[in-house]
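Quick note: the coordinates plus some simple rules give every number you see, no bench work behind them. Everything quoted here is computed from the prediction, not taken from an experiment. Cβ placement follows ideal geometry from the backbone for every residue including glycine, while neighbour counts extend to all protein chains displayed.
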Amino acid sequence: MDNRLNKLRKEMNLLREEMVRTEAVMHDQIDHDQDSTEAAVRLLEMRMQVAAKVAEWKALGGLAILPTVEERLKEKREPLKRPRLYLVPIRKTPAQKAPAQAAPPKVKKRRLAARA
């Protein structure tokens, strides 16, 4: 049973690789304004083969829990943990200390009054 499952899994992987190559050929044909219907039909046939192999694989007991799009979106995802930043005090040497400066003179605030 396990040998059959492994054989099916390997066949599915080979089909997927072939699908990627066929899809690349199809896109290349599209880029060069050529007819790509043969490649597209081959790709659809391979998709049907992969779907049949997946169904057979699951029927034989292959366990693959493939979440749907809704299940993936509903998953709880925590935000990434960022490292904490620590402030390190800067020690000033006597050469770096600036001489004491006089405080700037205080400015008297003016009130604005509406004109009559």
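Some notes on this structure:
- Lys, Arg +1 and Asp, Glu -1 on Cβ, resulting dipole of the range 2-61 about Cα centre, debye, nearest 20: 640 debye
- Annotation: Cα Rg of the range 2-61 relative to the compact-globule expectation 2.2 N^0.38 Å equals 1.35.
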